[in-house]
Amino acid sequence: LYFLVHIRKYNRPFVSVSGLSVANSSQKTIAVVTGITGQDGAYLTELLLGKGYTVYGTYRRTSSVNFWRLEELGVDKHPDLHLVEYDLTDLSSSIRLLQTTGATEVYNLAAQSFVGVSFDQPLATADITGIGPVNLLEAIRIVNPKIKFYQASTSEMFGKVQAIPQIESTPFYPRSPYGVAKLYAHWMTINYRESYGIFGTSGILFNHESPLRGREFVTRKITDSVAKIKLGKLDVLELGNMDAKRDWGYAKDYVEGMWRMLQADEPDTFVLATNRTETVRDFVTMAFKAADISLDWKGSGEQEHAIDILSGKTLVRINPKFYRPAEVELLIGNPEKAMAKLGWAPKTTLEELCRMMVVADLGRNERGFSF
Ligand code: NDP
Ligand code: GDR
């Protein structure tokens, strides 16, 4: 059989390869990273390449594929990085992906990952985020049950939280189609572990951010807007629920935890978090402060707004269109298990993270960067 999978070295022509020749051509550990165009995919790829892995990173065919994150990290042309066209919803290409690459570790980071959109596209979210990972689990079962599998689970599964702080055994209560879909994939990972002995590990990661975060997520929306306001390119930042509390960490710290999970002796479930929670409002204040702007908060509810103490201008206000039909009000995770069993710990404070993002966005906006 001749497996036709398009494997692409970035900036080089497409080539079609026979899987077995690729699988046998390298002595290095081979990893598949799905969702390489996303925030975590980029950082994990950088980490794995640094550890001497050969990485097959998957991206979706779109009219304008974008590798800006890999470019920012300077790994887009790395000789051990191969970019593979792939869709998580397709079982046959999941099978071919594992056959052709010969991977022994699979990190499934691909998902429709935006909670807000999941309310408008519940079925697409279920297909991609819920059933998609099962295509990979099935492919592992068929191709090589020894492949180690990492599933990107989420604190959104805790939703309407049943205990504070949340740990691996805290009962789940998802509050969005995204959270429900992720919970299905989480349990399927455990089910394949228990039913077939597959090394399926689920990382329940709390929010993690970085200068590579998508601009639809609240932290990056805030830091990008702060930069634009500082440079006179935007008047006002509009947000939804300011009271939501999140446990925000740095994505680069968290991908290290993903890797450690697959190096453990046994598959398991681990929480990665910082054990600190802040409101969206706190993050806004922190981000403006990083740009030397002090805010004064006024009003409440939909009338809440923040003014620049120096100029008196309104810089932040509520727009109810950013409210969600159901909200996750409070997340705070305790990563004690990962600390004890994996030797993992978050290294970056929220203040450092926020400053890093504001500085990056100031630089990009000065240069006219548009992502
Ligand atoms: P991003 O949204 O930045 O990246 C998601 C990736 O999935 C993108 O590369 C996207 O490709 C890809 N993708 C989407 N649909 C498909 C599909 N049908 N087939 C193949 N690839 C697809 O997410 P993050 O990097 O922030 O998160 C990584 C994973 O971790 C996600 O699964 C997310 O749900 C989960 N997670 C994230 C947390 C966080 O705080 N960042 C916390 C907990 C879990 P494209 O560029 O084409 O859209
Ligand atoms: P979240 O992240 O839903 O936690 O999911 P997001 O940054 O989108 O929202 C965090 C909180 O901020 C509130 N909020 C706003 N959010 C956005 N996006 N835009 C706004 O204008 C706005 N105003 C207030 C939200 O209501 C929410 O309470 C992220 C994703 O990365 C998931 O994939 C991941 O699983 C979880 O984190 C953990």
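Laid out as a table, the results:
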{"item": "Rounded FRET efficiency, nearest 0.05, which uses the C-beta distance separating LYS146 from PHE322 and R0 of 51 Å", "result": "0.65"}
{"item": "Label zone at ILE309 (point 7 Å along Cα-to-Cβ), backbone N below 17 Å, region 251-293", "result": "282-293"}
{"item": "Å² per residue, accessible surface of the chain at 1.4 Å", "result": "43 Å²"}
{"item": "Cα pair distances of the chain binned at 10 Å [whole percent]", "result": "5, 24, 33, 24, 11, 3, 0, 0"}
{"item": "Rounded accessible area of HIS208 (nearest 10 Å², 1.4 Å probe)", "result": "20 Å²"}
{"item": "Paramagnetic reach from LYS289 (point 7 Å along Cα→Cβ, amide N under 12 Å) across region 333-371", "result": "350-352, 354-355"}
{"item": "Convex hull of region 193-344 built on C-alpha atoms - directionally averaged projected area, nm²", "result": "11.0 nm²"}
{"item": "Which of VAL226, VAL117 is most accessible, then next, and so on - probe 1.4 Å", "result": "VAL117, VAL226"}
{"item": "Restraint check, LYS77/LYS221; LYS221/LYS321; LYS146/LYS341; LYS28/LYS341, Cα-Cα greater than 20 Å", "result": "LYS77/LYS221; LYS146/LYS341; LYS28/LYS341"}
{"item": "Acute angle (nearest 10 degrees) that the helix 132-143 long axis makes with the longest principal axis of the chain, alpha-carbon atoms", "result": "20 degrees"}
{"item": "Whole-number percent relative contact order across the chain, with pairs defined as alpha carbons under 8 Å at least 6 apart", "result": "15 percent"}
{"item": "Spacing of the two label points (7 Å from each Cα toward its C-beta) at VAL117 and ASP90, in nm", "result": "1.9 nm"}
{"item": "Between 0 and 90°, nearest 10: helix 39-50 axis offset from the chain longest Cα axis", "result": "50 degrees"}
{"item": "Ranked order, LYS51, LYS313, LYS228 - accessible area, probe 1.4 Å, largest first", "result": "LYS313, LYS51, LYS228"}
{"item": "Longest exposed-site-free window of the chain, the sites being GluC sites (Glu not before Pro) in a DSSP loop that have at most 15 other C-beta atoms within 10 Å", "result": "1-215"}
{"item": "Region 266-337: relative contact order as a whole-number percent, Cα under 8 Å and 6+ apart", "result": "39 percent"}
{"item": "Sulfur and carbon atoms: percent of accessible area, the chain [1.4 Å]", "result": "51 percent"}
{"item": "Linear extension gain, GLU352 paired with LEU231, 0.36 nm per residue minus alpha-carbon span", "result": "41.4 nm"}
{"item": "Span from the region 172-205 Cα centroid across to the region 226-266 one, whole angstrom", "result": "23 Å"}
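The values are calculated or read from the model by the stated rules, or taken from the named source; none is laboratory data. Since the structure is predicted, the reported quantities are computational estimates derived from the model, not experimental observations. Please note: Cβ atoms are built from the backbone with ideal geometry, for glycine as well, and neighbour counts cover all protein chains shown. With ligands, DNA and RNA removed, areas are computed over all heavy atoms of the protein, side chains included. Shrake-Rupley method; radii C 1.70, N 1.55, O 1.52, S 1.80 Å.
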